[in-house]
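Below is one structure; the comments refer to it alone.
Each value in this text was obtained by applying a stated rule to the coordinates, not by laboratory testing. Worth saying up front: this structure is predicted, and the values here are computed from it rather than measured. Using ideal geometry, Cβ is built from the backbone for each residue, glycine included, and neighbour counts are taken over all protein chains shown.
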Amino acid sequence: KIERQANTFAVKLLLPDDLLDEYSDINFAALAKSNGIPDGLEV
């Protein structure tokens, strides 16, 4: 559980806030992958 929370935090830190706001209706994993976040980190 802690690792999952850390991964989510890392992805949110890596993705710009405006991108997260603009694509809030898109699946978080798909958004992360489309922006170069490695598989498994976008949990």
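Points worth noting:
- Burial order of peptide ranges 7-13, 17-23 (average beta-carbon count within 10 Å, highest first): 7-13, 17-23
- Among Ser34, Leu20, Ala6 - extreme Cα towards positive end, dipole of the chain, charges at beta-carbon: Ala6
- Matching label, Rg and Dmax of the Cα atoms in Å computed from the structure shown, candidates (1) 9.7, 28; (2) 18.1, 54; (3) 12.9, 37: (1)
- Acute angle (nearest 10 degrees) that the helix 2-14 long axis makes with the longest principal axis of the chain, alpha-carbon atoms: 30 degrees
- The helix-only estimate of mean residue ellipticity at 222 nm for the chain, built from DSSP H runs of length n ≥ 4 each weighted as -39500 (n - 2.57), is -17000 deg cm²/dmol after division by the residue total.
- About its Cα centre, the dipole of the chain is roughly 280 debye, where the only charges are +1 on Lys and Arg Cβ and -1 on Asp and Glu Cβ.
- For the chain: relative contact order, % (alpha-carbon pairs under 8 angstrom, 6 or more apart): 52 percent
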